[in-house]
Every structure is written in C-alpha cells, then in structure tokens.
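Take a look at the structure below.
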Amino acid sequence: MRTRQGAGYGNLVHFAAFKAHIGFYPGAAGIAAFESELQAYQHAKGSVQFPLGQPLPLELVKRIVRFRRAENLNKAAQKSAKK
C-alpha cells in the first residue's frame, strides 16, 4: 500500500491496486465529506473502491486530497496553538 504525504502535511491518503479495483483510503472524514459523490462506488467508513474497468475520477480524488491536506493543517495549527 502506498501513502501520499504532503511536505509538512503528514499522511494524506493511502492507495493500493487489487485484481478488480483501486483501493483509495482517505480516512473516515475524507469519505464522510464526499459521501454523496462516492455513491456510485463501493465504499466503507474510510475507503472507496474504484473499479479498474472505469475511468478514475481524478477531479474527485484531487478534491479529497485537498480536503485531507486542509484537515491536517487545521490539526497542526490546533496542536501548535496549545503549546
């Protein structure tokens, strides 16, 4: 499983290739924030499966990664403010 990290952002998403799909793992908040747009795909609390026979929804993936980056930056700012 591969992990996409942003410089200073921590882990953003994980992904893996399987026999019939690409597994994309943005975490529970990433799925919840885009639940209506993920209805066309099999998904669970923190993961979504993109079938290999269909085009990858790249714009949706980009928006989810940006959401996760903002989420991580917010967490880092809150952590920094506590110091």
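The values are calculated or read from the model by the stated rules, or taken from the named source; none is laboratory data. Being a predicted model, the structure only gives us computed values, none of them experimental. Cβ sites come from the backbone with ideal geometry, for glycine too, and all protein chains shown count toward neighbours.
Here are the numbers:
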{"item": "Residue within region 66-81 that is in a strand (DSSP E or B) and either under 20 Å from residue 10 (Cα atoms) or over 15 Å from the mean Cα position of the chain (by Cα) (or both) present", "result": "no"}
{"item": "Given (1) within 26 Å of residue 77 (Cα to Cα); (2) at pLDDT 95 or above, number of the condition residue 14 does not satisfy", "result": "(2)"}
{"item": "Total residues in region 36-55, condition under 15 Å from residue 26 (Cβ atoms) and hydrophobic (A, V, I, L, M, F, W, C)", "result": "4"}
{"item": "All positions within region 45-66 that are modelled with pLDDT under 95 and among the hydrophobic types (A, V, I, L, M, F, W, C)", "result": "65"}
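For every residue, the table says whether it meets (1) aromatic (Phe, Trp, Tyr); (2) touching an Asp or Glu at 6+ places or on another chain (Cβ under 7 Å).
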site: 25; (1), (2): yes, no
site: 34; (1), (2): yes, no
site: 40; (1), (2): no, no
site: 52; (1), (2): no, no
site: 56; (1), (2): no, no
site: 60; (1), (2): no, yes
site: 68; (1), (2): no, no
site: 78; (1), (2): no, no
site: 81; (1), (2): no, no
